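Participant: Before I ask anything, here is the structure I am working with.
The values are calculated or read from the model by the stated rules, or taken from the named source; none is laboratory data. Computed from a predicted structure; not experimentally measured. Don't worry about glycine lacking a Cβ; one is built from the backbone with ideal geometry, like all the others, and counts go over all protein chains shown.
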Amino acid sequence: MSMTCWETVQAYGLRSIGIGENLLPKSDFTICQQFTLIGSGMIWNLYFGVLALTFGFFLANAIALARSARNPLIRKPADWFVFVFRGSPLFIQFFLAYEALVLLPKGGIDILGIHLDTSWTTRAWAGALLVLFLNTAAYSAEIFHGALKSIPKGDLEAAEAYGMTGWKKFIRIEWPTMLRLGWPAYTNEAIFLFHATTLVYFSGFPAFAQKGDALYYANYFADKTFNPFIPYPIVGFYFICLTLLVTFVYGRVNRRLNRHLPSNVRSKIRLRPQLIR
Amino acid sequence: MFSYCADPKALAESVWVSIPWLEDSRLLSWVVDFFNSLPWMSCYLTSAKHVDFYWSFVTVLLLLAITAPAALGMGFMGATAARSHVAPVSWLGKIYIWMVRGVPDIIFFLFFVIALDQGIEYVKNLAVCDGGAWPWQGLEFRVCPEAKVPLAKSSAFWHQAYGFMLAVVTFAIVFGAFVANVIYGAMLAVPRAQLETAEAYGMSRAQVFRRILVPQMWVYALPGLGNLWMILIKATPLLFLLGVKDIVYFARELGGSKTQAYEYPHGDWRLWYFLGLMVFYLVFTRISEIGIGKLTRKLSHGQATAGGEALRKAAA
């Protein structure tokens, strides 16, 4: 049963989301199969990364603001949220979330006559996404909070001199400046969140019907062939491409945030290491 | 551990405290239950398996204690190589630094452990097996029994120790690259004028490196190294993925529900075990944060940085 590479792509290109050939290759593994299946797994890495970053951005803004609040009833919970998610390993957070979600009643919950189904929360697409969302929100909130604190005093004084106060000052001066100052660090956060998505199927969340992410399939091939020298470099290749793409997209945003500044004072994006969370 | 632990099942049934009015209270009956469960709990938490669990925390600390200096050494060599004036050495250092950046580190962890293991067995295979055949054949990695590391007849301890050693080397390689990156940046951050002054005093390149550059660079490297230390702490659960019986392994083992066939039957308690691990890590990172803060203050003393200036003003 030998397939051409294009047939392999048709059979396994969308395997990670359950479309195409159901049976994974069992013998005679080709490079093409490995590239296709691992690439198919990247769909999940993209899904987790893009959604967690999108939702996390909004929560991060809210938490960064809450941490700057004077009222301790608002500030303290935000501080604790950031401390818990930044101070413990993501790996443990995945396990903990899974065990907690499993404890929800199996048959669902009835509130005010409405039946809520709970079984989907233990699935990776929902449960792991929730953890990644909260996790990136905490890390990003720390970045935005730091940026908020380093807004130049002169900018705020100038805004007040123009008669801006409260919401208007925030939305026109503080928020854009915060984003501009925090953006290089936030770019790194985005890159390493994508890297963190590879942990999903290696922690509490099981993969159903062998539908996993890129690393799941790479691990499958390494286990089957006893040869780590092909599948892992393939995942590495995909992630280097993804890193370049993220750097490009965030670089465009950075350019827009800095467009009013003379070229020598613009903030540049530099990759900083922050591998595991 | 305790003398009364001989029959845990009877212990679970027995009643030590009885306060009828409290038991009748719907809100407070748990207080009595709590006191009655204490003897059982004290036996449960000191069972042989739990003692192994507590020792696995030492494994984690041991990993940190060995990996941190090893990674620092690897990083120092990497950064020095990247600064070298000999082009191939400099390339080697830079490739090592950039390699780990674009790729998720967990891939390196999974890759290096198998690659190192196979590499060691391949070299041993060349030495001890007749002919030393190419071991990657079809879907197998096959070397002769004498080339297995550790040998199949070795005790379980050696298998564990070998797995641990592979994990340490992997951690040192991956974290060494991150340390190299931080140290490389810190060496560039040392004011050029200081090195020129040293050269003007007639110091050789090696002397400038040893006496000026290396002592000065630490204060610039410390924020990055502190960050890496926190990351290293949070990376230790990956030991579980590398097949070492670490705290995550035991938390899953001990927490899983135990039927009546076991000495201490209980439901699924994994949530509580993982909460315990979470608290361990939170306390550990918090203590580290405070320690790094103190170290930064100490190293900033007398330095031409904003931190050093603040210390000088506070003292004056």
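Participant: If the requirement is being under 21 Å from B:Thr285 (Cα atoms), surrounded by fewer than 21 Cβ atoms within 10 Å (Cβ to Cβ) and within 14 Å of another protein chain (Cβ to nearest Cβ), which of these qualifies: A:Phe95, A:Phe91, A:Phe81? Outline the logic, then answer.
Facilitator: Working: A:Phe95 fails: surrounded by fewer than 21 Cβ atoms within 10 Å (Cβ to Cβ); A:Phe91 fails: surrounded by fewer than 21 Cβ atoms within 10 Å (Cβ to Cβ).
Going through A:Phe95, A:Phe91, A:Phe81 in turn, the sole match is A:Phe81.
Participant: Right, something else. Quick test of your reading of the structure: B:Leu28 fulfils all but one of (1) hydrophobic (A, V, I, L, M, F, W, C); (2) in contact with a Pro (Cβ under 7 Å, 6 or more places away or on another chain); (3) not assigned by TED's automatic domain parsing to the domain that holds B:Leu242. Name the failing condition by number.
Facilitator: All conditions pass for B:Leu28, except number (2).
Participant: Let me spell it out: the conditions are (1) on the phi < 0 side of the Ramachandran plot; (2) at pLDDT below 85; (3) away from chain B (no Cβ under 13 Å), and A:Leu103 meets all of them except one. Which number is the exception?
Facilitator: The number of the failed condition is (3).
Participant: Now a separate question. Quick one: count up the residues across the range B:211-245 that are farther than 17 Å from B:Phe171 by Cα and away from every other protein chain (no Cβ under 12 Å). Please lay out each step first, then the result.
Facilitator: So the first thing to find is which residues in the range B:211-245 are farther than 17 Å from B:Phe171 by Cα, and the list is B:211-224.
Subsequent filtering for residues that are away from every other protein chain (no Cβ under 12 Å) retains B:211-222.
Number satisfying all stated conditions: 12.
Participant: Report yes if B:Gly78 is crowded, with 19+ Cβ neighbours inside 10 Å, in the same structural domain as B:Val169 (by TED's automatic domain parsing), of a type outside the set (D, E, K, R) and more than 11 Å from the chain's Cα centre (by Cα), otherwise no. Steps first, answer last, please.
Facilitator: On the way: crowded, with 19+ Cβ neighbours inside 10 Å: yes; in the same structural domain as B:Val169 (by TED's automatic domain parsing): yes; of a type outside the set (D, E, K, R): yes; more than 11 Å from the chain's Cα centre (by Cα): yes.
Yes.
Participant: Touching a helix residue (DSSP H, G or I) at 6+ places or on another chain (Cβ under 6 Å) and surrounded by fewer than 22 Cβ atoms within 10 Å (Cβ to Cβ), is that true of A:Glu142?
Facilitator: On the way: touching a helix residue (DSSP H, G or I) at 6+ places or on another chain (Cβ under 6 Å): yes; surrounded by fewer than 22 Cβ atoms within 10 Å (Cβ to Cβ): yes.
Yes.
Participant: If you take just the helices (runs of 4 or more DSSP H) that sit entirely in the range A:134-202, which of them hold at least 1 residues that are closer than 30 Å to A:Tyr47 by Cβ, within 27 Å of the chain's Cα centre (by Cα) and among the acidic types (Asp, Glu)? Let's see the steps before the verdict.
Facilitator: Values: elements: A:153-161, A:166-169, A:175-196.
Where helices (runs of 4 or more DSSP H) fall fully within the range A:134-202 and carry at least 1 residues being closer than 30 Å to A:Tyr47 by Cβ, within 27 Å of the chain's Cα centre (by Cα) and among the acidic types (Asp, Glu), they are A:175-196.
Participant: Checking B:Gly267 against (1) within 28 Å of the chain's Cα centre (by Cα); (2) within 14 Å of chain A (Cβ to nearest Cβ); (3) without any contact (Cβ under 8 Å) to a residue 12 or more places away in the chain: exactly one of these is not met. Which one?
Facilitator: Unmet condition: (1).
Participant: Determine which member of the set B:Trp229, B:Trp272 is of a type in the set (A, V, I, L, M, F, W, C) and surrounded by fewer than 18 Cβ atoms within 10 Å (Cβ to Cβ). Outline the logic, then answer.
Facilitator: Details: B:Trp229 fails: surrounded by fewer than 18 Cβ atoms within 10 Å (Cβ to Cβ).
Step by step, each of B:Trp229, B:Trp272 is checked, and only B:Trp272 is of a type in the set (A, V, I, L, M, F, W, C) and surrounded by fewer than 18 Cβ atoms within 10 Å (Cβ to Cβ).
Participant: Pick from the range A:237-254 the residues that are surrounded by 20 or more Cβ atoms within 10 Å (Cβ to Cβ) and within 7 Å of another protein chain (Cβ to nearest Cβ): which of them is modelled with the highest pLDDT?
Facilitator: If we take residues in the range A:237-254 being surrounded by 20 or more Cβ atoms within 10 Å (Cβ to Cβ) and within 7 Å of another protein chain (Cβ to nearest Cβ), then A:Phe239 is modelled with the highest pLDDT.
Participant: So for the range B:25-45 (the condition being surrounded by fewer than 18 Cβ atoms within 10 Å (Cβ to Cβ), at pLDDT below 85 and of a type in the set (Val, Ile, Thr)), does at least one residue qualify?
Facilitator: Yes.
Participant: Additional query: From the list B:Gly308, B:Gly291, B:Gly255, exactly one residue is touching a Lys or Arg at 6+ places or on another chain (Cβ under 6 Å) and surrounded by 12 or more Cβ atoms within 10 Å (Cβ to Cβ). Which is it? Before you say what the answer is, go through the steps one by one.
Facilitator: Working: B:Gly308 fails: touching a Lys or Arg at 6+ places or on another chain (Cβ under 6 Å); B:Gly291 fails: touching a Lys or Arg at 6+ places or on another chain (Cβ under 6 Å).
None of the other options fit; the residue is B:Gly255.
Participant: Another one. Just to verify a result, which residue in the range A:201-217, among those that are within 20 Å of A:Ile19 (Cβ to Cβ) and hydrophobic (A, V, I, L, M, F, W, C), is nearest to the other protein chains (Cβ to nearest Cβ)?
Facilitator: The selected residue is A:Ala214.
Participant: Determine whether A:Leu271 is within 9 Å of another protein chain (Cβ to nearest Cβ), at pLDDT below 85 and under 24 Å from A:Trp175 (Cα atoms).
Facilitator: On the way: within 9 Å of another protein chain (Cβ to nearest Cβ): yes; at pLDDT below 85: yes; under 24 Å from A:Trp175 (Cα atoms): yes.
Considered against the rule, which asks whether it is within 9 Å of another protein chain (Cβ to nearest Cβ), at pLDDT below 85 and under 24 Å from A:Trp175 (Cα atoms), A:Leu271 comes out as yes.
Participant: In the list B:Ile114, B:Ile173, which residue meets the criterion of being in a helix (DSSP H, G or I), within 21 Å of A:Lys224 (Cβ to Cβ) and among the β-branched types (Val, Ile, Thr)?
Facilitator: Every option except B:Ile114 fails the conditions.
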